[in-house]
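Worksheet: one structure, shown below.
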Amino acid sequence: MNVVESFRIALRALGANKVRSALTMLGVIIGVAAVILLVAIGSGVQDEITGSIEGLGSNLVFVFAGNFEDGGGPGGGITIRRQFTLEDADLVQRRLDDRHAVVPIVQGPATLRVGNRTMRTTIAAGNEFSDTVFTSEYESGRGYRRSEVVAASRVVVIGSSVRDRLFPNQDPLGRTLNVSGQRFTVIGHVVAQGGSLTGDQDNQIYMPVTTAQRLLGSTDISSIVVKADTADEVDAVKHQVESILRPGFGDEFTVLTQDQTLGLFQAILGTLTFMLAGIAGISLLVGGIGIMNIMLVSVSERTREIGIRKAVGARTHDIMSQFVIEAVSLSVVGGVVGIALGAAGAAVLQQWVPTEVTVWAVGLAFTFSAAVGIFFGVYPAYKASRLDPIEALRYE
Amino acid sequence: MLEARSVSKCYHLGEVDVHALREVDLSICEGQMLSIMGPSGSGKSTLMHLIGLLDRPTSGSVVVEGEEVSRMTPNELAAVRNRRIGFVFQSFNLLSRTTALANVELPLVYAGVSGSERTRRARAALERVGLADRLGHLPNQLSGGQQQRVAIARALVTDPSIVLADEPTGNLDSSSGVEVMNILQELNEHGITVVIVTHDDDVARHSERIVHIRDGRIVRDEAVTARILAAEVERPATTGSDEPGGVGL
Ligand SMILES: Nc1ncnc2c1ncn2[C@@H]1O[C@H](COP(=O)(O)OP(=O)(O)OP(=O)(O)O)[C@@H](O)[C@H]1O
Ligand SMILES: [Mg+2]
């Protein structure tokens, strides 16, 4: 008996019990849809974070206080014994070749108020090189200048969401903005970056690092960013920065290139994606157990049929393949429907979370669901194929 | 051609041993039409299953054309059943939710006959048993006699050398019974060995030899002197008489 024949028999049997087949498939459908959806979210987030790190500019080297190798990653529970100050950034700037731009970064929270509108936001502060290093684009106005950095002027550049919230349908340039109780003048307004996760960038305000230090009441800086002049020099700059800071800080600082930062995030998010896939995989496994259960029921219900088939000459593998194909059809059809449903769900979720349905996730889900069908179908099919013809015919 | 040598079949039910067959010797020649008779529970069906290679004896051997059955694997037995043996079961044993045509095609599916050839042969077998107009009917849309004839069509579709029929007329009225016996006798005329299991003497006398069995033992083996020919019984019935006569089924 050939495979086509086995398929015809299996499909006819499934068609005879439509509701039961559909319910059994539902287990696989939900499992596969969950795999597709969760992996799509994982990959989407990964893509967006990759995009936003790359979008920061190119050839960047990030310098953080504290030794990440002790802890695990940025914010990964490391103890920072000593923060950088503006002097450290100056030292790096002076000792490095002029072609490389050095930006001290300060970040902190702030409350904004215009008239009776208020909002909470994050300050990102740098120096006159910020615009070139981070390749900022202005919707209108300009960035802060060297003189304003030196004088710690109360000038502020706002992100597009901040503008929309505080100056709806108005030109914000030249307007007064109250930042944590101090009066600032809006001098620029950056182009919307988009992206739902990193929408934070649109939700930020930008000001000179010196101004931010005064506002936050601290002489620390959060990090130092260096933009190497050319891509070839990134590694050299990294090593130079390390040797510049080593006398003052020993091992208590970390220099990461943009690629390393990217790698770090990708490793974390990759693990996360696999974990999500694993959790979804468990529900697929449950779906598989559902298939096994229904196949066992089906085998005992159809004992007589098996007896008849054997009496007229069905061999062990004929019966075996009939039932395995039945189980695999359930799981594969369930898999295909689940993939379609997961992809549709991912498209809908796109409004709130970045999602990306990847080929490997689809391939994995499909292969896995077929494997589930085979794995959970083999035992019932084996049971069926071993039935004694006479006992099977006698079965009521 | 078909021999049972000292076969016994014993079922263990808890403490009790049920001896369905005790050291039965039986040889059936090619082209013979034979009835196995006996009261209920005497072991007729058990014997038929053994010589039909559906079951294995507890002791003794079944030899088909010189080959010992107990040495064959289940798959080899299935292949022999498929090619050489046709079964007609007492309870029809058709696949429900499957048309008459598909039921008759079933043995050919496992013989590896291709689709169109299969349909052609199944159709011919159904025509032979007079069911050419019932191809697409499901078993529950057929009368008992029609179902039994579908079962016979299924038994003969593979051109077997032996047809085994267990109580082929047991569930049928007298005229359907006569039709079925007529088909079996026709098959036998074409050289097919026919074995009929029955507890009815009139049915048994359609064959040329009757083996009487009681409590798992063969008690008598007789040649039929006044053989009933179903074709002759049937004729008056189809020409108007209400009483088929002869076969009191
Ligand atoms: N699977 C089984 N388990 C236990 N005992 C069995 C089994 N099959 C048959 N027997 C016993 O074997 C004996 C013979 O059974 P068998 O079916 O051959 O009788 P039979 O002659 O065909 O009877 P009937 O005319 O009623 O069909 C019976 O006593 C029956 O109880
Ligand atoms: Mg019986």
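All of the numbers you see were taken from the coordinates with simple rules; none came from a lab. Not measured: the values here are computed from a predicted model. A quick note on method: Cβ atoms are made from the backbone with ideal geometry, for glycine too, and the neighbour counts reach across all protein chains shown.
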Contact order relative to length of chain B, as percent, for alpha carbon pairs under 8 angstrom and 6 or more apart: 25
Convex hull of Cα atoms in the range A:113-217, direction-averaged projection (nm²): 6.3
Computed over the protein assembly as shown, Kirkwood Rh from alpha-carbon pairs, angstrom: 32.0
Average partner coverage of B:77-87, which counts Cβ from other chains inside 10 Å: 4
Residue with peak Gaussian network fluctuation, chain B [Cα springs, cutoff 10 Å], from B:Ala78, B:Ala125, B:Ala102: B:Ala78
Long-range HN-HN contacts of B:Leu94 with modeled amide H, under 5 Å: none
Amide hydrogen neighbours beyond the local backbone of B:Asp173, cut-off 5 Å, H modeled: none
Convex hull per residue volume in Å³, alpha carbons only, for chain B: 133
For residues of B:92-101, the mean tally of beta carbons on other chains within 10 Å: 3
Gaussian network model of chain B, springs between alpha carbon atoms under 10 Å - residue of B:Gly216, B:Gly191, B:Gly115 with greatest fluctuation: B:Gly115
Residues A:Lys310, A:Lys383, B:Lys9 arranged by fewest to most Cβ contacts within 10 Å: A:Lys383, B:Lys9, A:Lys310
Ranking of A:Asp202, A:Asp229, A:Asp171 by count of other Cβ atoms within 10 Å, fewest first: A:Asp171, A:Asp229, A:Asp202
Packing-based exposure ordering (other Cβ within 10 Å, fewest first) of A:Phe265, A:Phe253: A:Phe265, A:Phe253
At least 30 Å along the helix axis (C-alpha) and Kyte average at least 1.0, DSSP helices within chain A: A:18-55, A:258-301, A:316-349, A:359-385
Under the Karplus curve 6.51 cos²θ - 1.76 cosθ + 1.60, θ = phi - 60°, whole-Hz ³J(HN,Hα) for the range A:130-137, x wherever Gly or Pro sits: 3, 4, 6, 5, 9, 6, 6, 10
Peptide B:48-55, shielding by other chains (average Cβ, 10 Å cutoff): 3
Nearby lysines by direct alpha-carbon distance to B:Lys44 (threshold 23 angstrom, same-chain neighbours under 8 apart not counted): A:Lys310, B:Lys9
Relative contact order, percent, chain A [alpha-carbon distance under 8 Å, six or more residues apart]: 31
Label-point separation in nm, A:Ala231 to B:Arg217, each point 7 Å along Cα→Cβ: 10.0
Relative contact order computed over the range A:1-155 (Cα-Cα under 8 Å; 6+ residues apart), in percent: 13
Highest average packing first - A:100-106, A:146-152, A:289-295, Cβ atoms within 10 Å: A:100-106, A:289-295, A:146-152
Cut-off under 5 Å, modelled amide H: who pairs with B:Glu23 long-range: B:Ser8, B:Lys9
Lysines whose Cα lies under 20 Å from that of A:Lys227, excluding same-chain neighbours fewer than 8 positions away: A:Lys238
